[in-house]
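The values are calculated or read from the model by the stated rules, or taken from the named source; none is laboratory data. As the structure is a prediction and not an experimental result, all values here were calculated from the model. All Cβ positions, even for glycine, are placed from backbone atoms using ideal geometry, and neighbour counts span all protein chains on display. Each accessible area value is taken on the protein alone, full model and side chains, heavy atoms only, with ligands, DNA and RNA left out. Shrake-Rupley method; radii C 1.70, N 1.55, O 1.52, S 1.80 Å.
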Amino acid sequence: MASDRGPSAGDATSRRRIEPWEFEVSFDPRELCKETRLLYEIKWGRSQHVWRHSGKNTTNHVECNFIEKFTSERPFHRSVSCCITWFLSWSPCWECSKAIREFLNQHPRVTLFIYVARLFQHMDPQNRQGLRDLIHSGVTIQIMGPTEYDYCWRNFVNYPPGKEAHWPRYPPPLMKLYALELHCIILVP
């Protein structure tokens, strides 16, 4: 089976994959890394083809980098639907939440799902409100669990041959704690 050997040399996405250490450092919910990493996939219309790539902070936050790249690289016809899934190492800050909402208002046929490894400065009232505003705008936000970590490892990481099932196992209680906090943010203004 091809998946037992790692990403194949002919895999068109292999050049877009991150290294295992990058994934481990960026997405470990126990670590408070300074940089935000984004793994994303885009499905256009009814196509079954999924386009995957990754990004990280530059002079802008990674969410704003994505929006800028998305809107500048490809003409986007408003009648075409698009489904975007983000896997973020940190949840968006309030400023990025605002930029995301503006982007979605300009592109009403875009659906956005966000999975996060950890919550960014979640006690800050503006960040909490930003997450609530995103959810009220129709964005689905969830904390990454084992299923999402496994999916990211298999689809975004240049794992060694034969190591497709060896993604780092992070403590489920920490994932549940972040999920509970996100639930509280959503319910309690």
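List of remarks:
- Ile18 closer than 29 Å to Arg128 by Cα, open to solvent by less than 40 Å² (accessible area, probe 1.4 Å), touching a helix residue (DSSP H, G or I) at 6+ places or on another chain (Cβ under 8 Å) and at pLDDT 85 or above: no
- With respect to being buried (at least 20 other Cβ atoms within 10 Å of the Cβ) and in contact with a Lys or Arg (Cβ under 9 Å, 6 or more places away or on another chain), Gly162 falls outside the description.
- Only one of the listed residues (Val110, Val188) is without any contact (Cβ under 8 Å) to a residue 60 or more places away in the chain and under 18 Å from His53 (Cβ atoms). That residue is Val110.
- Yes/no for His136 being without any contact (Cβ under 8 Å) to a residue 24 or more places away in the chain and more than 19 Å from Arg52 (Cα to Cα): yes
- Meets criteria (part of a helix (DSSP H, G or I) and either within 30 Å of Val188 (Cα to Cα) or free of Cβ contacts under 8 Å to residues at least 40 places away in the same chain (or both)) for Asn60: no
- Qualifying residues in region 82-107 (those that are touching a strand residue (DSSP E or B) at 6+ places or on another chain (Cβ under 9 Å) and free of Cβ contacts under 8 Å to residues at least 40 places away in the same chain) - the one nearest to Leu39 (Cα to Cα): Ile100
- Residue within region 72-81 that is in contact (Cβ under 8 Å) with a residue 24 or more places away in the chain, under 26 Å from Lys176 (Cα atoms) and either open to solvent by less than 20 Å² (accessible area, probe 1.4 Å) or not in a strand (DSSP E or B) (or both) present: no
- Residues in region 24-63 that are polar (S, T, N, Q), under 17 Å from Cys93 (Cα atoms) and surrounded by fewer than 16 Cβ atoms within 10 Å (Cβ to Cβ): Thr58, Thr59, Asn60.
- Cross-chain or 6+ apart pairs with Cβ under 8 Å, region 25-47 first and closer than 20 Å to Cys96 by Cβ and in contact (Cβ under 8 Å) with a residue 60 or more places away in the chain, then surrounded by fewer than 18 Cβ atoms within 10 Å (Cβ to Cβ) and acidic (Asp, Glu): Ser26/Glu35
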